[in-house]
């Protein structure tokens, strides 16, 4: 069984575990003052070409989003995002629990449209009763998106320009940032640091046991940020747990390298599913999240060989499913999957792409 349900169903990359062991017996400070966290911050600032950046380490993505958004917003403010955004659909109301409304705009393959954002903000500030409404205090986006799609540099620049115009910070959820950077042709960490006021570098889904690095790229973190994080129960006393991991991930270009490996294997997976098995993509994702339209009759047969996530129904007889490569996926696993699945191809298989009913119906 090859497990491609998610990119957080494994432990941690070997270099992270080794660094844990190598440093385990060393005494250190706590609450972010340990030398591992301090060095990791230096490495991240260097990678982002952002010497003024303020960096805080938290444990997980939902905790990070809820904490950062609450710390940045005034009590009467909300956060704008697209309707498929993680904070809107998959975080159990964590942001709303802090007292802030999530204001959802239409999603376009997982992305916010700059023109629609501008129109919404123009309408809000032109409304004479705006003071009686939830005020927009932040724009949230993910890179890559929930559908594995990517913003171009021009799209990101347009969103950032609108946010500057209305003096609203742009916050980028980077839970899968390594995979987005690996697949992007025009976004790297320095460019992201220029175009996002706040972003976080995801470790949990990208080679770490746990941990996210929040970057206030221009150094404009809210005052007393450490106290605010602690008030949310998000301040690790044993801060080295995350610091050690990011120190390892940002040594020798390891973070981006892990992302590149996963994206390369996602391309192999795409070749298998589309070119060899004849399934159709549900959405054109260049990242480690791959979505394919699977005939319902094939789902149980497919599950014998591969773990995946059912995403949504397409029609009465087809379902969109997600397959996720990660830092832990190997060439050997894709080789095995290709051998097992292609051995069941029909001798008279139809031309790839014309029909989703292909090899697995024969299993």
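The values are calculated or read from the model by the stated rules, or taken from the named source; none is laboratory data. Predicted, not measured: the structure shown is a model, and the values here were computed from it. Every residue, glycine among them, receives a Cβ derived from its backbone with ideal geometry; neighbour counts consider all protein chains shown.
May I ask you to list the residues in segment 34-46 that are in a helix (DSSP H, G or I) and in contact with a helix residue (DSSP H, G or I) (Cβ under 6 Å, 6 or more places away or on another chain)? Correct list: 36, 37, 39, 40. Of the residues making up segment 305-316, one or more are modelled with pLDDT under 95 and over 24 Å from the mean Cα position of the chain (by Cα). Look at (1) within 21 Å of residue 223 (Cα to Cα); (2) crowded, with 23+ Cβ neighbours inside 10 Å and you find that residue 81 fails only one, number (1).
Would you check if there is a residue in segment 88-99 being crowded, with 16+ Cβ neighbours inside 10 Å, farther than 27 Å from residue 224 by Cβ and touching a strand residue (DSSP E or B) at 6+ places or on another chain (Cβ under 8 Å)? Yes, segment 88-99 has at least one match.
In summary, helices (runs of 4 or more DSSP H) completely within segment 205-282 and bearing 2 or more residues that are buried (at least 19 other Cβ atoms within 10 Å of the Cβ) and under 19 Å from the mean Cα position of the chain (by Cα) occur at 240-249, 254-270. Across segment 152-167, not a single residue is classified as part of a strand (DSSP E or B) and assigned by TED's automatic domain parsing to the domain that holds residue 73. Scanning segment 30-63 for residues that are over 21 Å from residue 190 (Cβ atoms), modelled with pLDDT of 95 or more and more than 18 Å from the chain's Cα centre (by Cα) yields 34, 35, 36, 37, 38. Taking the conditions (1) modelled with pLDDT under 95; (2) buried (at least 17 other Cβ atoms within 10 Å of the Cβ); (3) assigned to a loop (DSSP other than H, G, I, E, B) in turn, residue 344 satisfies each one other than (2). Out of the residues in segment 297-315 that are touching a strand residue (DSSP E or B) at 6+ places or on another chain (Cβ under 6 Å) and surrounded by fewer than 17 Cβ atoms within 10 Å (Cβ to Cβ), which is nearest to residue 333 (Cα to Cα)? The qualifying residue nearest to residue 333 (Cα to Cα) is 307. Selection of helices (runs of 4 or more DSSP H) fully inside segment 47-140 by the criterion of at least 1 residues being under 18 Å from residue 174 (Cβ atoms) returns 61-72, 86-89, 94-97.
Would you mind stating whether residue 197 is outside the structural domain of residue 270 (by TED's automatic domain parsing), buried (at least 19 other Cβ atoms within 10 Å of the Cβ) and either closer than 17 Å to residue 49 by Cα or touching a helix residue (DSSP H, G or I) at 6+ places or on another chain (Cβ under 7 Å) (or both)? So residue 197 fits the description; yes.
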